[in-house]
Amino acid sequence: MSKRAHLVMFSLALCLGIVACGGAPAEEQAAPEQAPEEQAAPDQAEEVQELDSDAILGIVEEACPIELSRATDIHVGVTTNGAREVTFGSEYGDFSYTVDVLTGEILARTEPEMTEEQIADDPVDRAFSACFSSLENYDGGASDIKVKVNGSQIEISFTWNGQSYDMVYDDTTGEVTQK
């Protein structure tokens with residue numbers, strides 16, 4: 001082997017040795033870099049939880065122009081392609097919402113056309129008004145209020161003036177009865 005070949009082999013071996021030992025000679029070394037923050041291994045990464053049906057319904061209720069208490073045949077579908085579809089009917093037509101199960105973003109919605117008067121017309125508000133108006137000298141101050149909607153029947157329980165009341169408002173007739 002020629003001297004030149006030996007010199008090339010020596011230089012190559014020296015370079016490989018320097019690389020194996022951590023870099024170039026001291027005069028060529030750059031300042032040590034900050035160690036990057038440790039990243040979790042893929043199997044240790046925090047697992048993102050899908051939103052449950054109650055959370056999905058809460059998101060739809062916030063986005064919907066009517067109260068879900070006015071809805072009929074509410075259906076929350078199974079997760080498909082990272083989204084769940086919520087469908088229901090109402091006196092105004094059918095509603096449909098597609099919600100991302102990880103972010104809660106509404107990806108698609110179908111709502112019937114409604115006027116502002118229809119949106120503002122809440123049967124629970126009508127029930128409160130009718131029940132409280134049926135009390136002689138009612139001037140506010142009801143407490144421990146509980147509402148249960150069962151179709152057109154709206155049950156309102158509350159305490160006022162030291163007395164407990166259990167009333168039922170029929171949204172189809174406008175009648176108030178005490179239980």
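The values are calculated or read from the model by the stated rules, or taken from the named source; none is laboratory data. Computed from a predicted structure; not experimentally measured. Cβ sites come from the backbone with ideal geometry, for glycine too, and all protein chains shown count toward neighbours. We work out accessible area using only protein heavy atoms, side chains counted, and drop any ligands, DNA or RNA first. Shrake-Rupley method; radii C 1.70, N 1.55, O 1.52, S 1.80 Å.
Short-range pairs are left out: with C-alpha atoms under 8 Å and at least six residues apart, the relative contact order of region 77-130 is 23 percent. Distance from the C-alpha centroid of region 132-179 to that of region 68-108: 31 Å, rounded to the whole angstrom. Taking all protein chains as they are arranged and a probe of 1.4 Å, the heavy atoms of T172 leave approximately 110 Å² accessible to solvent. Summing +1 for each Lys or Arg and -1 for each Asp or Glu among the other residues whose beta-carbon sits under 13 angstrom from that of T110 gives -3. The 3J(HN,Hα) values that the Karplus relation (6.51, -1.76, 1.60; θ = phi - 60°) gives for region 85-95 are, in residue order, 9, 10, 10, 6, x, 7, 5, 9, x, 8, 10 Hz. Gly and Pro appear as x.
By the scheme Lys and Arg +1, Asp and Glu -1, what is the net charge of all other residues having a beta-carbon under 14 Å from that of D73?
Details: positive: R70; negative: E85, E91, D94.
In short, -2.
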